[in-house]
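Read the structure below first, then the notes.
The values are calculated or read from the model by the stated rules, or taken from the named source; none is laboratory data. The model shown is predicted, which means the values in this text are computed figures rather than measured ones. Every residue, glycine among them, receives a Cβ derived from its backbone with ideal geometry; neighbour counts consider all protein chains shown.
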Amino acid sequence: MTTANGQPSEQLKIVIVGHVDHGKSTFVGRLFHDTGSLPEGKLEQLQKIAERRGVPFEWANLMDALQSERDQNITIDTAQIWFHTRKRQYVIIDAPGHKEFLKNMVTGAANAEAALLLIDAHEGVQENSRRHGYLLNLLGIRQIAVLVNKMDLEDYSEARFQQIEKEYRDWLKTIGVTPKLFIPIAAKHGDNIATRSPNMSWWKGPTVLESLDDFKVAELPKNQPLRLPIQDVYRFDDRRIFAGRVEAGSIKVGDRIVFSPTSKTSTVRSIERWNALPTDVAHAGESIGIQLTEQIFVARGAVAALETAPPYELSRFKARLFWLGRQPFAKGRTYKLKLATQEVECTIESIEKVIDASTLETVQRQPGEEFVGRHEVGELTIHTKKPIAFDAHADIIPTGRFVIVDGFDVSGGGIIAEDNYPKRSHDSHHKSHNIYWSRGKVTARQRELRNGHRGYVVWLTGLSGAGKSTIATELERELFNLGRHVYVLDGDNVRHGLCSDLAFSPKDRTENIRRVGEVAKLFAEAGVICITAFISPYRADRDLVRKILPEGKFVEVFVNAPLNVCEERDPKGLYAKARANEIKNFTGISAPYEVPESPEVELATDKFSVPESVAKVLEYLDASDQAAEVSI
Amino acid sequence: MDYLSKLENQSIYIMREAFNKFDNLAMLWSIGKDSTVLLWLARKAFLGHVPFPLVHVDTTYKIPSMIEYRDRLCRDWNLQLVVGKNEAVLASGVTYPQGKATRVECCGTLKKDALKHVLDKHHFTGVIVGVRRDEEPTRAKERYFSPRDKNMEWNVEDQPPELWDQFKTDFDKGTHIRIHPLLHWTELNIWEYIQRENIPIIPLYFANEKGERFRSLGCYPCTFPIKSTARTVGEIIQELRLTKTPERSGRAQDKESEDAFEKLRRDGYM
């Protein structure tokens, strides 16, 4: 495909990997020069600098522009640069060969579609030649060409080339990799880069440039089952838009979709874009927004799929993982796992095997030492604190891989292995493995870890008939279905027992709320989400409850409907009685209601439906849960 | 999907990640072509809205029509603007060329320090910046999500791994993250996108009667036009397809010493 101006518009990303000093940067510098891609004056400038410093000019300096690299002569990070052939544009990612810089090699390779792996003809296959080959495969790169470099140091010997080819091909075979081809080159002199080498007339295969043009641009997974991980929910105007990128498959208006892991369903009402032609369909790779026909609570992390082909939804899976962190990935510690837009705490359940990726040998550990060390690869079972949606990497790549965050840093990456996973999540064995042992007094944090959420109080306040009990009941059901421990305190279960000695005088009302507040606090301490539904008309009473709870654990929800609306609703006929003076001290009629000054959530129930109101509270709770996770 | 659309979708994804992950997010807007494309992409990502403030570091040496253009777009597109200025240094007069500062020192105080001041003042923890890898070699080493320490410094030797679109969004107090949604775009891609989307761009980029245009915009004492006859976006695209001159060749501060720009960037320059 070319543009109207005959310029290539297709682009392919290639990573250049290999052991340190096997000539990656030199190769890239030469490739640039030989394709006429250097900026005017750059070569001369560097040659002049070399002359001034009294050192020989190095092709590698074209890439290694940073001062520290020029001094050490090694590539620290993955630099990315562009060149083009007649067929298309290329992005070259030059990955460092030093073992310490493996995370940079991984960064480079994870973004590539094809790889060129360099092996020094003189030194032969080295530790990182093998490790890089192994990691390329793990990172999902299938198009690999091996360049046997520095052939000039081996007198351009065909026998030496064949010897290296055989050794490395045999090794790749053991990890299931078939390279596209091996090419003998001498990067420093340009042999077999852009033009055929006069020094190796025995070579009948292609030049590097010719082989590059044979690589294929990665196709987006359009024809797989739909996976649309939700990135965010926007309400910039009166629309409620679920934003995300279609990672696999296609989505269209009218599709019935299910969100994992909550299993809520809805129908796509529209596909939203800005300043683009409106269409009713979006395919893999497109960052879009969708509106739904039914208002349901969906937050970041949920994965939308067609009902006919949902992802797995479990709290344990098998994986193959490489570790880059300074501290080892150890059993018994808790980490953050990120998969698509999901984030969840996880631990290692069991380690099947730890291997050295440069030798494929199993790493021997002392009994009781269970970890994957830096630059090692582990085959293991991961356990997540709550169920997540995923696929096997072999089935759907974007939802079949994850990273592990240790502290502030992404420290490892893994792909999910195929296994006999149960298809849907209602398998209690997989959901109820949250067992933690406590030594000594059970702490609030331990309760939170076991429950998988914080305990706190959601305090609904408002006039009689505003909708407190209805919202409390619905909210309880929604939270329960999300796997939370939740309980509602309302007049029905408190007034007849705990507070049966109290009437409706201001003093009794205050005592009633005090007792409810204390009970709610106990529930919160026990790790439960306690929803209360009381008129609680006095600000001072509510503030007292706020004060006895730790900060952030009192969520005041003002259920706000105008008095005339409440009076019209009058579900228990109380307003009529109050107007007839049959009930004394009735809030709104004959007793005051003190409006909350800064409630965490305000619900105008005369304008919003019950599901909309409940969704608003859920969104607030979800956001504060996330904020709390950050601070823990 | 064509290549420009791939770039566009990736940039939107990155911006949405940033908006979700940072409570105090801002975007640098230099008025130039790149950050204006970035602004356009923000409107794409947030469906016509720009839900965070734009920070413009004003050195007072900007070409006057840049400020007029800035204020007009702010009105037309309903943007929140935060202007950062190093008032102390401007008052002391230690700038280039009148004062005793070199070009690089002047960039250091009027741009880098002013930026640090405005980030500190508003407690921004995430800053979206329109740098591109193909602009110059130090930017080629950047990540999409790139951490800066408490002193705004960039540790280029020890950057976080970035794979499978999982970015560094966890960070210590006092540090911040630079977010680079345009990292993978080239100068040519920027102009192709401006053409496709019909984005209004400041006219300084187009050739004047003297046969000169700006290829990269900055402060007038240190930014020089190039010889060009390109008067339209289409003509600029044609010109770029043939050129071998680096984009920042008209930016004098890059050339004060071999590693001038690298030092500035390590210290927190954008």
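Just a few scattered comments:
- 3 or more residues among the small types (G, A, S) and surrounded by fewer than 16 Cβ atoms within 10 Å (Cβ to Cβ): qualifying helices (runs of 4 or more DSSP H) within the stretch A:551-632: A:610-631
- Any pair with Cβ under 9 angstrom, 6 or more apart, that starts in the stretch A:264-288 at a residue that is touching a residue at least 24 places away in the same chain (Cβ under 8 Å) and within 7 Å of chain B (Cβ to nearest Cβ) and ends at one that is of a type in the set (K, R) and surrounded by fewer than 19 Cβ atoms within 10 Å (Cβ to Cβ): A:E272/A:R239; A:G285/A:K222; A:G285/B:K6; A:E286/A:R273; A:S287/A:R273
One line per residue, one yes/no per condition, for (1) at pLDDT 80 or above; (2) part of a helix (DSSP H, G or I):
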residue	(1), (2)
A:V15	yes, no
A:F27	yes, yes
A:Q47	yes, yes
A:I74	no, no
A:I93	no, no
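- On inspection, A:T532 passes the criterion of being surrounded by 20 or more Cβ atoms within 10 Å (Cβ to Cβ), touching a residue at least 40 places away in the same chain (Cβ under 8 Å) and polar (S, T, N, Q).
- Residue in the stretch A:325-363 that is nearest to A:D406 (Cα to Cα), counting only those that are in a loop (DSSP other than H, G, I, E, B) and aliphatic (A, V, I, L, M): A:A340
- Exactly one residue among A:K353, A:K318 is over 30 Å from B:R43 (Cα atoms) and either in the same structural domain as A:G140 (by TED's automatic domain parsing) or surrounded by fewer than 17 Cβ atoms within 10 Å (Cβ to Cβ) (or both), and that residue is A:K353.
- Residue identified as among the polar types (S, T, N, Q) and farther than 30 Å from A:E476 by Cα among A:T265, A:T279: A:T279
- Note on the stretch B:51-72: among residues that are buried (at least 19 other Cβ atoms within 10 Å of the Cβ) and closer than 24 Å to B:W185 by Cα, the one that is nearest to the other protein chains (Cβ to nearest Cβ) is B:F52.
- Some residue of the stretch A:392-399 being surrounded by 24 or more Cβ atoms within 10 Å (Cβ to Cβ) and within 12 Å of chain B (Cβ to nearest Cβ): yes
- Any hit, the stretch A:271-291, residues being hydroxyl-bearing (S, T, Y) and in contact with a Pro (Cβ under 9 Å, 6 or more places away or on another chain): no
- Across the stretch B:24-35, a minimum of one residue is classified as surrounded by fewer than 18 Cβ atoms within 10 Å (Cβ to Cβ), more than 27 Å from A:V91 (Cβ to Cβ) and either touching a Phe, Trp or Tyr at 6+ places or on another chain (Cβ under 6 Å) or not basic (K, R) (or both).
- When restricted to residues that are in a helix (DSSP H, G or I), farther than 29 Å from A:E219 by Cβ, within 12 Å of chain A (Cβ to nearest Cβ) and not aromatic (F, W, Y), the stretch B:1-41 contains 1.
- A:F322 in contact with a helix residue (DSSP H, G or I) (Cβ under 7 Å, 6 or more places away or on another chain), within 14 Å of another protein chain (Cβ to nearest Cβ), in contact (Cβ under 8 Å) with a residue 60 or more places away in the chain and not in a loop (DSSP other than H, G, I, E, B): yes
- Every residue from the stretch A:295-350 that is under 28 Å from A:E369 (Cβ atoms) and basic (K, R): A:R316, A:K318, A:R320, A:R326, A:K331, A:R333, A:K336, A:K338
- Where helices (runs of 4 or more DSSP H) fall entirely within the stretch A:102-191, those with at least 3 residues that are at pLDDT 85 or above are at A:127-138, A:158-174.
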